[in-house]
Structure formats: structure tokens, C-alpha cells
1. Per residue and in cubic angstrom, what volume does the convex hull of the Cα atoms of segment 165-308 have?
2. Tell me, what HN-Hα J-couplings in whole Hz come from the Karplus equation 6.51 cos²θ - 1.76 cosθ + 1.60 at θ = phi - 60° for each residue of segment 197-205, using x for Gly and Pro?
3. Can you list the lysines whose alpha carbon is less than 19 Å from that of K8, not counting same-chain residues fewer than 8 positions off?
4. Taking only protein heavy atoms into account and a 1.4 Å probe, give the accessible area per residue of the chain in Å².
5. Suppose we keep just the alpha-carbon trace of segment 196-237; what are its Rg and Dmax in angstrom?
6. Ordering W23, W253 by accessible area with a probe of 1.4 Å, largest first, what comes out?
7. When the Kirkwood radius is taken over all Cα pairs of segment 260-314, what Stokes-Einstein diffusion coefficient follows at 25 °C and 0.890 mPa s, in µm²/s?
8. So what is the orientation-averaged projected area of segment 57-172, using the convex hull of its C-alpha atoms, in nm²?
Amino acid sequence: MIGFRRYKEKGKGYYFSPKLIEWLGPMRHGDIADDPYIHYAASMQKLFEDLALQMMDYYLGDILKETGKLVFAGGGALNVKLNQKIIARPELKELFVQPASGDAGTAIGAAAYVSVERGVPVEKMEHVYLGPQYSNEDVIAACARHPAKPQFEVIANQRAADSERIAQILADGNPVAWFQGRMEFGPRALGGRSILGCPSAPGVADRINEQIKFRERWRPFCPSMLDTVGPQMLGSDHPAPFMTFTFEVAEEWKSRVPEVVHEDGTSRAQVLKREYNPRYYDLMQQMEKLTGNGVVLNTSLNRRGEPMICSPTDALNMFFGSDLQYLIMQDVLVVKGC
């Protein structure tokens, strides 16, 4: 018995009938994204965009013309291509996308509602560094008890030298696991639990994909950048702290940081102000000194199919289960083979 599921394959039931298989062909499996599936995906994206924009006009058209501001949440709000089109609308001055959109973020809405009902104003959400954090002592203890017996070096009270050293490793074309401060709330890695690369180093995105992330080869990687770089590279001064929008990349920057530019010429960017993550900001400033670009390739610190890393032990397990060579946790640098 399938119950309400109308189609069954390999012991699993699905909520559609065999007629859909006859019409569109078998379900796609694996990493291959080719004909006809790419056309299905593009068509669904176009339909989603058209309907969402029509609903905005119908329900919010007048108020948008009056205020110029829109708040967007829910799983669909993480569709960055739709968000790019919303920002492009002439009547819109600012779009805020709740960075933990979807089921996980409903807690924020519930808490905000109760807060306002009780007369306590809701603070502006400026960053998502709200999760657990770990000290150097925590990191060293995790290294000491880890079965891989990692070799590590403590760079205490030398944050500037630390940034210079990590920036040089990146500029030499090496990916780096970056574990700093509080973990991010929501689905995006934003410099708390990240894998970083130099976006001008040829092939670094493929290297991360094939050797570390083990994910679909068509997935693009995204840039984090200094707030001084954002308007130049993206042609926009719209706030973008949470990687919830794509932007058209300026022609000059497409050749300067090709590893973080998607084939359609866009990037899903994080534009960072120093006050919210100074260590990450300082690293990008060092990258700017070394490469001329205050930008890093940034993807989440995890492997395909696994949740984002939280603790030092999680990070070490992931590190030794991949081809990463460098892991920096707080002031503790772990290097394989030393």
C-alpha cells in the first residue's frame, strides 16, 4: 500500500502519478544536470518569479509605492534570483530577507510578535553570529583528545600576524577551514564556520568541490567582501550582510575574482561591515593587500549531506575526513603533515 502516495519507485512512495513520469521522464539522480531537467528547473524558477512578483503587485503594490520597503521571509525568501528581481523594481528602496527564512526562523517571528505585543520594540537584526562559541582552551582540549592526534600551533596575541599568515595561505591557492567566534544562525556560512578560498586562484572552486565538499559540480561558490568593495564589484549599495541576494558583477571584477562569479555573471554576495565580524574583515583586508581584491570565496564548513560544523571536535572530524590541509580555530592553526 502506498496510501496517499500515487507513485512508488524502489520502495519509496511519491505524491504524483505515473502519468508525470510518462510526460516528463524519469526522476533525475546523481549530479548530472542536463537536458531535459535544466529546462524543467528554469521553467519552474521563471514561474515562481512571475507569480511572486504578481502577488507583490496585487497585495502590496500601493504600500510599496508609499514606503519603498519590503520584509520577506519563509523558505521562498531564500530564492536569491527572485530577490535580485525584487531589488531591481524601481519603487523598492530596501528589501530585508530574514536570514534564517523557513521553519527554523519562525521562532524569530513568534518572539518578535510577543515582544511588540508587550510593548518592547524589536531590535534590528544586524548579524547572525548568535550560536555557540569556543575558547582556545576548548580547541586545544579537542585537539588533545582527538584520535587523529592533530599537530597544532597556537598563535596567541598575534591576531594581525595570524591574518597575514592565513591570507598568504589563501593567496597561494590553498583552501582554509575557518572556525571563529560564534556560529551563524541560519543556513548561510558568513565567516563563523566557513571554508575559504582565494577567488582569483584558478581552479580553487573545483578543488573545494571535488576534494572537500563532494557536492554537485554545477553549484556556484559565493563571495564575502569588504563593505568598501561591495559597491564597486556589485554596482549597488543595497545592504547584503546575509547572502540572500544575487547581484550582477561588474565586468572588471568578473576577471578579477572569477572563482565566485556564476556563469550568468552574478554572485550571491555577503558584504561585511567590520563591527560585526572584525577578524573576518581583517583577513579580507590582508587579502586585499596581497591580491588587490578584498574578497574571499566562502562556503559552509561541512561536507555534502552533513550539517554545518558547530564544535571544535566537529571541525576536526570534518577536517580529517576531507582533503583540507589547513584549519584555523580561534588562535589554533592545525596543519596536516606537520
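1. 99
2. So the J values, rounded to whole Hz, are x, 8, x, 9, 7, x, x, 5, 5.
3. K19
4. On the way: 17870 Å² over 338 residues.
Accessible surface, normalised per residue, equals 53 Å².
5. Over segment 196-237's Cα set, Rg and Dmax evaluate to 12.7, 35 Å.
6. Numbers: W23 190, W253 10 Å².
So, going from the largest accessible area down, we get W23, W253.
7. Numbers: Rh = 13.5 Å.
Estimated via Stokes-Einstein, D reaches 182 µm²/s.
8. Details: hull surface 53.2 nm².
Convex hull of Cα atoms, orientation-averaged projection: 13.3 nm².
The values are calculated or read from the model by the stated rules, or taken from the named source; none is laboratory data. All figures in this text were calculated on a predicted structure; none of them were measured in a lab. Glycine also receives a Cβ, built like all others from the backbone with ideal geometry; neighbour counts cover every protein chain displayed. The area values use the complete protein model at the heavy-atom level, side chains included, leaving out ligands, DNA and RNA. Shrake-Rupley method; radii C 1.70, N 1.55, O 1.52, S 1.80 Å.
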